[in-house]
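First comes the structure, then the notes that go with it.
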Amino acid sequence: MKIVYLDNNATTPLHPEVLEEMLPFLKEDFGNPSSLHQFGRKVKVKIDEAREKVAGIIGADPSEIVFTGGGSEADNLAIKGVAFASKEKGRHIITSQIEHHAVLNTCKYLERNGYRITYIPVDKYGMVKPEDVAEAISDDTILITIHHSNNEIGTIQPIKEISKIAEERGIIFHTDAVQSLGKLPLNVDDMGVTLLSVSAHKLNGPKGVGACYIRKGIRRLHPLINGGNQEMKRRAGTENVAGIIGFSKACEIASACMEEERERLISLRDKLQNGLTEKISHVRLNGHPTERLPTTLNMSFEYVEGETLMINLDLEGIAVSTGSACSSGSLEPSHVLVAMGIPYEVIHGSLRFSLGRENTEEDIERVLEVLPPIVEKVRKMSPLWEE
Ligand SMILES: *Cc1c(COP(=O)(O)O)cnc(C)c1O
């Protein structure tokens, strides 16, 4: 049985060339980049090169990149870093209701510790209205944090409009761009962001490494981890050398074939969406019809449980997720779909298909062959289903 992996928004397989690039640093090139002898110097040069590559893909200067232990840490560094450093200036933060938990739970933590958070609602497509952000600003607002694209539904936010509002009011603006890196062109100047988070394992890089872009001149940012002078004193600890080098290789590969991949994935995604819509009745798309990640298709199948579909697909060797990977394992309805105003029973019938570089036309055909009879079978057993 051919395995079909369609959960690339949760994580992606390591690209073989990325692994190749990492191996020497797990073997003979084991030096500590802070050491002044040849072992250290050799590795230091490679870390500097990696920083240039990662900076390059988002249009930043290498001095603006701080490597972290992943996307969650980058989000924490940006949000807590600003919050702790600006607490005399103000304690109000604006975010959205549909952020990744790395942002949402960081905000909730701050809320329990004397900060005030405004959670902006979204429309039925999961989009934030820039006017709502403007209206939420008050004199003590120190940070606006709105993600670039959503991991569950793929909706892409109007980041430029929001950053303009932030800039006019002199407020620091952070965006979690973890799902966008390598899939959409990202330029920190065009976007007008002050801080931005990315992670390697969502673009065929290794897990446990990411980066926070911190615009030059930003002084008001506390480190999360104190210790040595690594990462311009913004993130102490001996570098995850192999991880950082793998991350930069993943960025290089993704940016070299981004346009081609984007077109290919959109066509696969739409084939899946159209096929499922044709073959199965009572389905709906969750997310924006066009302003959406090329990789992401979230659909609700009414009168069935998403978990039941997922388990049946898993038995057929097809891996998808229900709602967000982080909340699966529990039947908590996804906070993203709830915020979009989708009725609970429809949320419970939702599946997320997320595509990646290894997916092919045959993968999509297989899902289109396997899923419709599963839905039919499950619906026949449902007391809610009558047709
Ligand atoms: C995966 C993800 C994160 C967390 O990144 P990790 O590297 O897994 O910590 C944060 N934000 C979004 C949007 C994500 O998809």
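The values are calculated or read from the model by the stated rules, or taken from the named source; none is laboratory data. Computed from a prediction, not measured in an experiment: that's the story for all the values here. Glycine also receives a Cβ, built like all others from the backbone with ideal geometry; neighbour counts cover every protein chain displayed. In case anyone asks, the SASA skips ligands and DNA or RNA and just uses the protein heavy atoms, side chains included. Shrake-Rupley method; radii C 1.70, N 1.55, O 1.52, S 1.80 Å.
Quick notes on this structure:
- Residues located in region 1-54, provided they are away from the ligand (no atom under 16 Å from the Cβ), β-branched (Val, Ile, Thr) and closer than 30 Å to Glu361 by Cα: Ile3, Val4
- So Ala60, is it open to solvent by less than 10 Å² (accessible area, probe 1.4 Å), over 18 Å from the mean Cα position of the chain (by Cα) and over 27 Å from Asn286 (Cβ atoms): no
- Test result for Asn105, within 16 Å of the ligand (Cβ to nearest atom), buried (at least 23 other Cβ atoms within 10 Å of the Cβ) and at pLDDT 95 or above: no
- Subset of region 148-195 that is touching a His at 6+ places or on another chain (Cβ under 8 Å) and of a type in the set (Ser, Thr, Tyr) - its residue that is surrounded by the most Cβ atoms within 10 Å (Cβ to Cβ): Thr175
- Test: Lys42 is out of contact with any His (no Cβ under 8 Å at 6 or more places or on another chain) and open to solvent by 70 Å² or more (accessible area, probe 1.4 Å): yes
- If you go through region 263-314 and pick out every residue that is basic (Lys, Arg) and buried (at least 20 other Cβ atoms within 10 Å of the Cβ), you end up with 2.
- Asn204 under 16 Å from Lys53 (Cβ atoms), more than 10 Å from the ligand (Cβ to nearest atom) and surrounded by 24 or more Cβ atoms within 10 Å (Cβ to Cβ): yes
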